[in-house]
Amino acid sequence: MEKYVGKSVFRGIAIGRISIYEKNQQQVKRVRVTDTEAEKERYAKASEMALSDLSDLYEKAVKEVGEANAGIFGFHQTMIQDDDFIDSINSIIETQQVNAEYAIAMTADNFAQMFSAMNDDYMSGRVADVKDVGERLISILSGKKNASVSGDESVIVVAEDLAPSETVQMDKDMVISFVTTQGSVNSHTAILSRTMGIPSLIDTDFIITKELDGKLGIVDGNSGVFIVDPDDIIIEKYKTLLNEELEKKQLLLSLKGKETVTVDGKKIRLYANIGNSKDLAQVLANDAAGIGLFRSEFVYLEKDRFPTEEEQLAVYKAVLETMAGKPVIIRTLDIGADKQCDYFEMEHEENPAMGCRAIRICLSRPEIFKTQLRALYRASAYGNLAIMYPMITSVREINRIREMENEVKRELKSQGIEIGNPATGIMIETPAAVMISDELAKLVDFFSIGTNDLTQYTLAIDRQNSKLDTFYDSHHPAVLKMIKLVVDNAHEAGIWAGICGELAGDTSLTHEFIAMGVDELSVSPGLVLPVRKQILDSRACN
Amino acid sequence: MKEFNHVIADPEGVHARPATELVKLAKNYQSSISIIFDGRVGDCKRVFTIMALGIKCGNTVTFAFDGDDEDAAMEAFTDFVATKL
């Protein structure tokens, strides 16, 4: 048994036979030609064929891996048609009186060299693209077909590195993993394996030998390990893990793309919570219908000074664009209590959970709040944004927020900056907000109940204090009654109410929440599908 | 000769896809169209010259247009970069 370490580009387990992918080593010989015009003509014809192959590949890739990933073949076409690329090849043919194959290989090497000299991970990843284009042209000229994976057994494909066209030409149903000894996280093997959702390793520390071919291998994408010739105990261990994953995947497949609707036909907004733009991939992968809670404080927590309006705009805009028209609810700065930031220079408090936090900081330090509001309103032009304010306890706070919103909107308009028309809602996470939710509902577009704080304030139990665990009941009837009251008051005023706290993802309560009339549940991405499963057999009306 | 500045908003900078789209768009016009960054000039009709500039998110670049249809080209580029770059 041998164990190797690589960089994982997608999590998961794969067990199967190893298949070594050997490129057709294009032995490009330098041959002198006398008729350079004829040689240029050969090259031009190959170029045309390559372009037509690439448009076929593009179509295939769009179907298999989506338009965004297929775009790489558009880039390949552009390279083949690029004047610099063409001129270089023709000039080598002419001045050195050599064959087209050699001229292409030289040119591809030179351009690849340029990318690898840029000292940039992304551009280094493009070296493979240039070489791929060169090899495509050469194999057309030499009349050879590219190597491909075929057969009827699922295999772990092992290679030094794989070009995008090589991965697309493979029979995907047979490939359960890629293991490469080179490559970067930006390489197309990495991107495609993520899109295909198969565990893969790159930059793995072993040397490919012929003996590996056909041996049993295990790829552990969770810890970045590649095991060759595993012993029985290891095989058993991984088979169990694999089965667990398969069950999860099965659930995913059966629930993905399904509308989240109750037995009696009520559509539920099932959204995901995110605390970081890196979580976005998980939101999409788990098929959430939107983002129900975007914790904007991470934008502040990862800086050592206040993030500027432009910096915030870039983050919000990217999220909105990635979500492409799906709702994105961004919660304004919720700092204080357990989330602290040095540069805010907050005074020490005896009881931070009940201290200067969230909207209280924003309203007492309007310059900080205004920057965020400006960034949010500007971002609202790029997607379906809603703004949500945390820790509300009174009508007065909402009135003050409205004044600031109006001020920001006026300013932006007078500067000629385009803004959208975002919905605005509030978190219901204090008992005070629950009790006056009838009044608050008239002033806002939606409610989202933050059950973590609401439970702690209602039960007067500090959740960080483990000694109080025996007194703590996350399903306390007081909290459940409050949720019911909030939902009723929301509906009375014609707005929707959801839950974005931890309780939202508690599948033992989903039926009860839906029966109460809850319209939205926002949960961590991994819980979207399990919650959807519950909703699908729940009833909104008793 | 016309020009305008643009701050790159795409988090990945001018990577393969936008570079490809820039070339496609530029080839619709007779005018010469340049992308200028950090004192270096790329030709918007030549993909390698664009990518060689190594433009990242947050960089300010200048697009310059020179030729008979420079007005139309500038308008098309302004629209393109506002939403795609």
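The values are calculated or read from the model by the stated rules, or taken from the named source; none is laboratory data. These numbers were taken from a predicted model, which means no experiment stands behind them. Note that each Cβ is placed from the backbone with ideal geometry, even for glycine, and that neighbours are counted across all protein chains shown. The accessibility values were calculated without ligands, DNA or RNA, using every heavy atom of the protein model including side chains. Shrake-Rupley method; radii C 1.70, N 1.55, O 1.52, S 1.80 Å.
Remarks
- With every protein chain in place, the protein assembly as shown: carbon and sulfur % of accessible area (1.4 Å): 49
- Per residue of B:17-30, other chain Cβ atoms within 10 Å of the residue Cβ number 3 on average.
- Treating r as the C-beta distance of residue A:340 and residue B:59 and R0 as 51 Å, the FRET efficiency rounds to 0.95.
- Listed residues A:75, A:262, A:185: farthest to the positive end of the dipole of the protein assembly as shown (Cβ charges): A:262
- When DSSP beta bridges are restricted to pairs lying wholly in the protein assembly as shown, around 45% turn out antiparallel.
- Here the label points at residue A:256 and residue A:48, each 7 Å from Cα along the C-beta direction, are separated by 4.1 nm in the simple model.
- Shielding by partners, peptide B:48-57 (average Cβ within 10 angstrom, other chains): 4
- For segment A:398-428 versus segment A:312-367, the gap between their alpha-carbon centres in whole angstrom: 17
- Considering only alpha-carbon pairs that sit under 8 angstrom and 6 or more positions apart, the relative contact order computed for segment A:92-143 is 36 percent.
- Computed [θ] at 222 nm, deg cm²/dmol, the protein assembly as shown (DSSP H ≥ 4; -39,500 (n - 2.57); rounded to nearest 500): -14000 deg cm²/dmol
- Here the dipole of the protein assembly as shown is about 880 debye; that uses its Cα centre as origin and unit charges on the Cβ of Lys and Arg (positive) and Asp and Glu (negative).
- 3J(HN,Hα) along segment B:54-63, derived from phi through the Karplus expression 6.51 cos²θ - 1.76 cosθ + 1.60 where θ = phi - 60°, amounts to x, 7, 10, 4, x, 6, 9, 10, 10, 9 Hz, with x in place of Gly and Pro.
- Part-to-part distance (alpha-carbon centres) for segment B:1-34 and segment A:463-506, which is given in Å: 51
- Shielding by other protein chains, B:5-16, mean Cβ within 10 Å: 4
- Here the contact order of chain A, divided by its residue count and restricted to Cα pairs under 8 Å and six or more residues apart, works out to 14 percent.
- Judged by the gyration tensor of its Cα atoms, with axes a ≥ b ≥ c, the protein assembly as shown is oblate; a/c meets the 1.5 cut and b/c is at least as large as a/b.
- Loop-located trypsin sites (Lys or Arg not before Pro) in segment A:1-81, at most 11 other Cβ atoms within 10 Å (DSSP): A:29
- Virtual spin-label span in nm between residue A:309 and residue A:464, 7 Å along Cα→Cβ: 3.5
- Taking 29 Å as the limit for the C-alpha separation, the pairs A:60/B:24; A:60/A:256; A:3/A:533; A:467/A:533; A:3/A:210; A:63/A:256 exceed it in the case of A:3/A:533; A:467/A:533.
- Per DSSP, loop chymotrypsin sites (Phe, Trp or Tyr not before Pro) in segment A:466-499 with at most 14 further Cβ within 10 Å: A:471
- Cβ charges +1 (Lys, Arg) and -1 (Asp, Glu), total dipole of segment A:261-536, debye: 660
- DSSP-assigned coil residues among trypsin sites (Lys or Arg not before Pro) in segment B:19-85, each with at most 16 further Cβ atoms within 10 Å: B:27, B:56
- Normalised by the number of residues in chain B, the average gap of Cα pairs under 8 Å and 6 or more apart makes the relative contact order 44 percent.
- Dipole axis of segment B:2-84 (+1 Lys, Arg; -1 Asp, Glu on Cβ), positive-most option in B:15, B:78, B:26: B:15
- Cα lying deepest toward the dipole's positive end in the protein assembly as shown, options B:37, A:393, A:246, charges on Cβ: A:393
- Helix A:83-96 and the long axis of chain A differ in direction by around 20°, with both axes built from C-alpha atoms.
- Across chain A, the longest run free of exposed loop sites, meaning GluC sites (Glu not before Pro) lying outside DSSP classes H, G, I, E and B with no more than 14 other Cβ atoms within 10 Å, spans A:23-152.
- Degrees, to the nearest 10: B:70-84 long Cα axis against longest axis of chain B: 20
- Between helix A:36-65 and chain A: long-axis angle, C-alpha atoms, 0 to 90°, nearest 10: 30
- The length gained by stretching the chain between residue A:119 and residue A:348 to full extension, at 0.36 nm per residue less their Cα-Cα distance, is 77.9 nm.
- Debye, to nearest 20: dipole size of segment A:326-409, +1 on Lys, Arg Cβ, -1 on Asp, Glu Cβ: 560
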